[in-house]
Amino acid sequence: MKLIIAEKPSLARSINYSLGEKFEDHKDYYESENYFVVPLRGHILELKNFEDYEENKGRQMWSVSNLPFFPKQYEYVISDGNKGLYRTIKKLLNDPRVDEVIHCGDADREGQLIVDLVLEQMNNTKPVTRPFIKSTTKQGLQEAFAGRLPNEEYRNINAEGKTRSYVDFDFGINFSRYVSGRTGAKALNVGRVIGAIVTEIYNRDVEIENFVPRHFFKVESDCGIKLTSKKEFEAGEEAKAKQYADQLNQTDAVVTDVQKAKQTKRPPKLFSLTDLQSAANRRYGFNPKKTLQAAQTLYEKGIITYPRTNTNYMAEGDRGMIAGVLKGYGPAFEMKRVFDDSKVDGHSAITPTGKEEKLTGDTAKVFDLIKRRFQAVFCKEPCTVLKTTVTIDCIEQFKVSGEVPITQGWKKYETVSEKTVELPEMNVGDLVEHDFKPVASETKPPAHHTVTSLGKWMQNPFRKSEEEEVDYAKMISGMEIGTEATRARIIDKAIGKDYIDLTKNTYTIRPAGRFLVESCRALGIDMSSKRTAEMGRDAKAVSRGEKTMEDVLGEVRTEIREIIGDGPMPPQPSGYTCPVCGKQLNGSVFKLECECGFSFRKVVAGKFLEEDVIRMLLAGNKTPLLHGFKSKAGRPFSAYLVPQQDGNVTFDFPPREPKPEKVSLGNCPKCGKPVYENKKGFGCSGWKPGNKGCDFVIWKYDRRAKRKIDAEQARRILAGETIEVNGQMVSLEDYR
C-alpha cells in the first residue's frame, strides 16, 4: 500500500484518474486497492508567532526592548481548519500496510517544503519517493510517477526553502515590530520582498516628482516623410533654430542611397509567468493575481504546463512532449530552437499540453493567450517584410526606413504592436519635399511603473532597460526580487496594506508606503533591491550546496542585531544649529532638540523631511511645494511648509485649479434649461438629487437599444437632427 500526499485536491483527483484504479471517497482521503491519496490544502503547517514561543510567554514582543528575537529551534503549528486533516495523515502514515510515501507537492521549492514539513513533524521513517510533476495530464502524471526518485535527492531544495522561510521570518517579524515600535505606527509590514517592491515604486515616483524638464527646440519637417535634425537648440535659442530651419529649406533634399532587403521578423518568446501576466494586463486589464489564478486553474485541469516559471525556454527533456503537442496542431507548425537547459531552472516555459476542453471567462482568455503564443513561436511559415532604408542629404544626412509585409507567418496567431512606416517609391537623385520648422519640446520624466515594467524589474532588477535580454545566469543564481510563485501574492498584500496603488496598468506609491520606506531608511534598514537580491542569491546557494542554512541565517541575524542594537539610541549631535540660541541641536531618528527647550519634528503628516528641507525650515524659510503628506483620513496631499518660532510648521496649500467651465450641448426639450455632459450621460441641468426636477437625459450607453452616444452626437440630437448610430436612426423623439 502506498500513501500519496498531494498538494491540493485538484491534483489528487488527477492522480486518481491517472492511476486507473477504483477509489472510494472518504472524508479527507481516497482509498483504492493499492493507494491512499490525501489532498492537502496548501500549507497546513505554519511558523509560530514570536509570542507563542515558550521563552516569550508573558513578554510584549511588539516592544523594542524585547528585540531582536531569534528562535533556537523554529517551531510550527497546524494552521486553522487543518487539525482533522493532520490527524488523518498521521493515522494513514502509521498504517502498517503503508510501505512507501509518494511526495506529490508542486514541482518547486514551496511544493517541496509543504509536504516535507508534514512528514518531518510526524517523524516519518518510511521511505519517501518524489515524482517531479510538470504536467497534470494522465500521460504527464504517469511519466512522472514512473520516473520518481528518492525524496532525499531533493534535500537541498528543502534546505533552500527553509532558509528563505527562516530569513523572511527573522527579517520581517523583527523589523516589523522594531519599526512599528520606534515610529508609533500600528502593525507596519517590513518584509524582505514587499519592502523592496514598495521601495522601487517609491523611488520611481519620487524621481518623477523631482524631475525638472529641459526645454529645447527640435527642427523638423513633416511633408509626408518626417525628417528630424540631429541638432538641438536650447530654450532661448528659437531664433537660431529658425535660422537653421531656413538654411535647410533653402537646400535641396536629395535621395543619395536606397537600400532594400528582405528581413525575417523573429516571433516573440514563449511565456514565463511574468510575461503572461504582462500580456493579460495589456489585453484584458487583469492584475497579476488574477492571471496567476486562471493559469493555476488551467494547470490543474491539465491544459497547460506548470505556470510558475521564470523562463522563456524549454528544457531539452521536453522535446518529446512538445513534438506531441505540435503533431496535434497540424502541419503548419514545426520544432524551433527554444530548447536550452542553461536557461531553465526546474520549470520550462508555459505551453499547452495538447489537452483542450471548453473554457469560459478568465481561464478561456488566458488560455487563448498561451495557445496563440505557442502557435506563433512554432509557426512553420516565416514572417517576412521588405525593408527599405533611404538616405537623404540636406546639409546633414537623414535616414528614413519603411517596410512592406511579404508573408504574415506567426503574425496570423499573435500581433505585436510595431510602429512601421510605408515609404513612397524613391530613387537615387529624387528631390524630397521638405519644410523645416522649429518645434518646442522638452525632456520627459520617467514613466510610473506598470505591471510589465515592475514584473521585468523583479525578474532582473539590475538590467538597464525593459528591452534588455533577461540575464538567466543571474536569475537562476537567485538574483531576483521574490519568485514567480510569490510575487502576485506579495504585490496584492502591498496593495491591501495601502502601501501602493494599482489603477488599470499603473503602480503608484501611497502615503503609507512613503512612511514605510522613509521610516526604514531613517532607522538604517536596507530594503534596497540589491540587498534583497543578495539574500535571495544566498538562499539559492544553499540549494547548490555552496552555503549552509546556518551561514545565511548567521549573516542576516548579525545585520538585524547591528540595526536594532540594545534599544533606542540617546540623542546625538546632529550638525544642525538651533535657531533660538545658536547651539548645536541633538538629533534622534524623528526629532531634533536643544537644551534651551527648542524642538523640531523631522516627520510631518507621515512624511520624513529631507535634509535640505530641514535646513531651510530651521533658517526660517518657506519650502518649495512638497509631495507625499498624508491626511488624517489617509488621503495624500501636497503643500508648502511654513516654519513657526516654536519649531512647529504650518501648511500653505497651493491654489486649487478652477474647474473647467461646463459647455452646454443644447437646451432641454422638456424645460428649456441647458444640457451638460456627465459621467453616464447628457442630462438636464434642472435635475436635482432624489430624482427631483427635470429628468431628461440621453444616456451614453443604452443597453436596451445597444447603442453608444458621444457628445457630438448628443449635440446634434438636441439640435433636432435625426442621425444614424450603429445602423439605427435616432432623434429627439426617442428621448421625450
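Out of everything in the stretch 197-221 that is acidic (Asp, Glu) and part of a helix (DSSP H, G or I), what residue ends up being nearest to Glu559 (Cα to Cα)? Give the steps one after another, and end with the answer.
Just the residues of the stretch 197-221 that are acidic (Asp, Glu), to begin with: 200, 205, 207, 209, 220.
After this cut, where a residue has to be part of a helix (DSSP H, G or I) as well, the list is 200, 205, 207, 209.
Details: Glu200: 21, Asp205: 28, Glu207: 29, Glu209: 32 Å.
So the residue we want is Glu200.
Considering only the stretch 362-396, state which residues are without any contact (Cβ under 8 Å) to a residue 24 or more places away in the chain and surrounded by fewer than 17 Cβ atoms within 10 Å (Cβ to Cβ).
Listed by number, the residues that qualify are Ala364, Asp368.
Here's a check for you: in the stretch 239-287, which residue that is hydroxyl-bearing (Ser, Thr, Tyr) and part of a helix (DSSP H, G or I) is surrounded by the fewest Cβ atoms within 10 Å (Cβ to Cβ)? Write out each step before concluding.
Step one: filter the stretch 239-287 for residues hydroxyl-bearing (Ser, Thr, Tyr), giving 244, 251, 256, 264, 272, 274, 278, 284.
With part of a helix (DSSP H, G or I) added as a condition, the list becomes 244, 274, 278, 284.
Values: Tyr244: 20, Thr274: 27, Ser278: 24, Tyr284: 15.
Per the criteria, the residue is Tyr284.
Provide a single number: the residues in the stretch 171-196 that are part of a helix (DSSP H, G or I) and either surrounded by fewer than 21 Cβ atoms within 10 Å (Cβ to Cβ) or touching a helix residue (DSSP H, G or I) at 6+ places or on another chain (Cβ under 6 Å) (or both). Even if it seems obvious, please write down each step before you answer.
Step one: filter the stretch 171-196 for residues part of a helix (DSSP H, G or I), giving 171-183, 192-196.
Filter once more, keeping what is either surrounded by fewer than 21 Cβ atoms within 10 Å (Cβ to Cβ) or touching a helix residue (DSSP H, G or I) at 6+ places or on another chain (Cβ under 6 Å) (or both): 171-174, 176, 178-183, 192-194, 196.
The total comes to 15.
Of the residues that sit in the stretch 549-575 and are hydrophobic (A, V, I, L, M, F, W, C) and at pLDDT 85 or above, which one is surrounded by the fewest Cβ atoms within 10 Å (Cβ to Cβ)?
In the first step, residues of the stretch 549-575 are kept if they are hydrophobic (A, V, I, L, M, F, W, C); the result is 549, 552-553, 556, 560, 563-564, 569.
After this cut, where a residue has to be at pLDDT 85 or above as well, the list is 549, 552-553, 556, 560, 563-564.
Working: Met549: 18, Val552: 22, Leu553: 19, Val556: 21, Ile560: 20, Ile563: 16, Ile564: 21.
By that ranking, first place goes to Ile563.
Taking the residues in the stretch 679-689 that are surrounded by 13 or more Cβ atoms within 10 Å (Cβ to Cβ) and out of contact with any Ser or Thr (no Cβ under 9 Å at 6 or more places or on another chain) as candidates, determine which candidate is nearest to Asp702 (Cα to Cα). Give the steps one after another, and end with the answer.
Of all residues in the stretch 679-689, those surrounded by 13 or more Cβ atoms within 10 Å (Cβ to Cβ) come to 681-687.
Cutting the leftovers down to out of contact with any Ser or Thr (no Cβ under 9 Å at 6 or more places or on another chain) gives us 681-684, 686-687.
Working: Gly681: 10, Phe682: 12, Gly683: 14, Cys684: 17, Gly686: 22, Trp687: 20 Å.
Looking at the filtered set, the residue picked out is Gly681.
So if I check each of Thr264, Thr274, Thr297, Thr305, which one is closer than 14 Å to Gly361 by Cβ, touching a helix residue (DSSP H, G or I) at 6+ places or on another chain (Cβ under 9 Å) and of a type outside the set (A, V, I, L, M)?
Working: Thr264 fails: closer than 14 Å to Gly361 by Cβ; Thr274 fails: closer than 14 Å to Gly361 by Cβ; Thr305 fails: closer than 14 Å to Gly361 by Cβ.
When all the criteria are applied, what remains is Thr297.
Look at the stretch 688-707 and say how many of its residues are assigned to a strand (DSSP E or B) and modelled with pLDDT of 85 or more.
Total satisfying the criteria: 3.
In the list Glu562, Glu555, Glu484, Glu550, which residue meets the criterion of being farther than 14 Å from Gly195 by Cβ, outside any helix (DSSP H, G or I) and among the acidic types (Asp, Glu)?
Testing whether each residue is farther than 14 Å from Gly195 by Cβ, outside any helix (DSSP H, G or I) and among the acidic types (Asp, Glu) leaves just Glu484.
Can you find a residue that is over 23 Å from Thr452 (Cβ atoms), touching a residue at least 24 places away in the same chain (Cβ under 8 Å) and among the β-branched types (Val, Ile, Thr) anywhere in the stretch 307-316?
no
Does the stretch 222-238 hold any residues that are under 39 Å from the mean Cα position of the chain (by Cα) and in a loop (DSSP other than H, G, I, E, B), and which are they?
Here is the first cut: in the stretch 222-238, the residues under 39 Å from the mean Cα position of the chain (by Cα) are 222, 225-235.
Passing the criteria: Ile225, Ser229, Lys230, Lys231, Glu232, Ala235.
For the stretch 697-736, give me each residue that is without any contact (Cβ under 8 Å) to a residue 12 or more places away in the chain and among the hydrophobic types (A, V, I, L, M, F, W, C).
Ile723, Met729
If I ask for residues that are more than 45 Å from the chain's Cα centre (by Cα) and over 18 Å from Ser685 (Cα atoms), which ones from the stretch 698-722 would you list?
Hits for the stretch 698-722 are Gly720, Glu721, Thr722.
Applying the selection to the stretch 94-139, what residues are polar (S, T, N, Q), surrounded by 21 or more Cβ atoms within 10 Å (Cβ to Cβ) and part of a helix (DSSP H, G or I)?
Within the stretch 94-139, Gln112 is the sole residue that qualifies.
The values are calculated or read from the model by the stated rules, or taken from the named source; none is laboratory data. Every value quoted in this text rests on a predicted model; they were computed, and no experiment measured them. Using ideal geometry, Cβ is built from the backbone for each residue, glycine included, and neighbour counts are taken over all protein chains shown.
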